[in-house]
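The values are calculated or read from the model by the stated rules, or taken from the named source; none is laboratory data. Given the structure is predicted, the values throughout are model-derived calculations rather than measurements. Positions of Cβ are generated from backbone atoms using ideal geometry, with glycine treated the same way; all protein chains shown enter the neighbour counts. With ligands, DNA and RNA removed, areas are computed over all heavy atoms of the protein, side chains included. Shrake-Rupley method; radii C 1.70, N 1.55, O 1.52, S 1.80 Å.
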Amino acid sequence: GAMYLMEKTMAGPGIVGHVRDAITGKFIEAEVKIIEYDRASMTPRKSEAKYGRFHRFAAAGTYTLEVRAIGYKTKTISNVIVRQTGWTEVEIPLEWGPLVAFDTLIIDDDATGLSKGNGDGITNINETIELSVRLKNAGGDVAENVSATLKSLHQYAWAKSESQVFGDIAADSTSGVF
């Protein structure tokens with residue numbers, strides 16, 4: 001049994017390769033899917049973080065790969081042909097994509113506008129605050145249809161408005177404040 005598994009591993013068939021940053025060449029840990037085999041119940045398969053290498057067994061045929069990594073554009077590679085034996089090698093360079101993070105977070109707890117508080121910048125019991133958030137897209141592509149949801153984990157704190165739509169955020173720019 002062990003010999004069969006070793007022979008199978010050495011002979012394939014399947015898809016093997018590396019995922020790299022298209023500019024720096026550094027290896028990337030990325031989710032690598034074979035679309036024709038992917039199921040919602042499957043655990044995502046990733047390339048190695050250190051070497052960016054991945055192996056996927058596949059029967060002979062033609063496949064589509066979908067590769068995703070945080071901060072990079074999703075890449076789809078069509079017509080990957082797997083032969084009866086051996087490994088089909090695919091090198092995958094990923095380009096930077098949107099990378100959205102908090103840029104500014106302001107707690108307004110003064111006694112003006114909608115807020116009702118003591119103005120110390122800390123959320124205290126019985127205060128109504130205004131929370132202003134600005135997001136930054138530090139990536140190299142437009143972040144489309146960005147929205148945020150605010151959730152409280154405390155039973156005595158809740159949000160009057162739990163969600164905000166920011167829309168598109170251009171590369172290397174910030175969103176409005178809400």
* To do: Quick one: Debye curve from the alpha-carbon atoms of the range 128-175 only, equal weights, vacuum; give me log10 I(q)/I(0) at q = 0.17, 0.18, 0.25, 0.33 Å⁻¹ to two decimals.
  => -0.58, -0.63, -0.90, -1.25
* Structure fact -> Here the Cα Rg-to-2.2 N^0.38 Å ratio for the chain is 1.49
* Asked: What number, in nm² with one decimal, is the all-direction average of the projected area of the convex hull of the alpha-carbon atoms of the range 1-60?
  -> 5.5 nm²
* Over the range 1-159, what percent of the accessible surface lies on carbon and sulfur atoms, probe 1.4 Å? -> 56 percent
* To do: Write down the accessible area per residue of the range 89-136 in Å², having rolled a 1.4 Å probe over the full set of protein chains.
  => 66 Å²
* Structure fact -> Computed curve, the range 82-178, Cα-only Debye sum without solvent term, log₁₀ I(q)/I(0) at 0.25 Å⁻¹, is -1.23
* **Taking the convex hull of Cα positions in the range 114-154, its mean projected area over all directions (nm²)** => 4.6 nm²
* To do: Rank these by accessible area, largest first, 1.4 Å probe: T149, T128.
  => T149, T128
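In a shell of Cβ-Cβ distance under 14 Å around R20, excluding R20 itself, what net charge do Lys and Arg (+1) and Asp and Glu (-1) give?
On the way: positive: K26, K50, R53, K73, K75; negative: D21, E29, E48, E89, E91, E95.
With Lys, Arg at +1 and Asp, Glu at -1, the net is -1.
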* Structure fact -> Listed by chain and number, the lysines with an alpha carbon less than 24 angstrom from that of K73, same-chain partners under 8 positions apart left out, are K26, K33, K46, K50, K136
* Rounded accessible area per residue of the range 14-86, 1.4 Å, Å² -> 60 Å²
* Structure fact -> Dividing the helical contributions, -39500 (n - 2.57) per DSSP H run of n ≥ 4, by the residues of the chain yields a 222 nm value, nearest 500 deg cm²/dmol, of -1500 deg cm²/dmol
* Over the range 1-131, what is the relative contact order in whole percent, taking alpha-carbon pairs under 8 Å and six or more residues apart? -> 24 percent
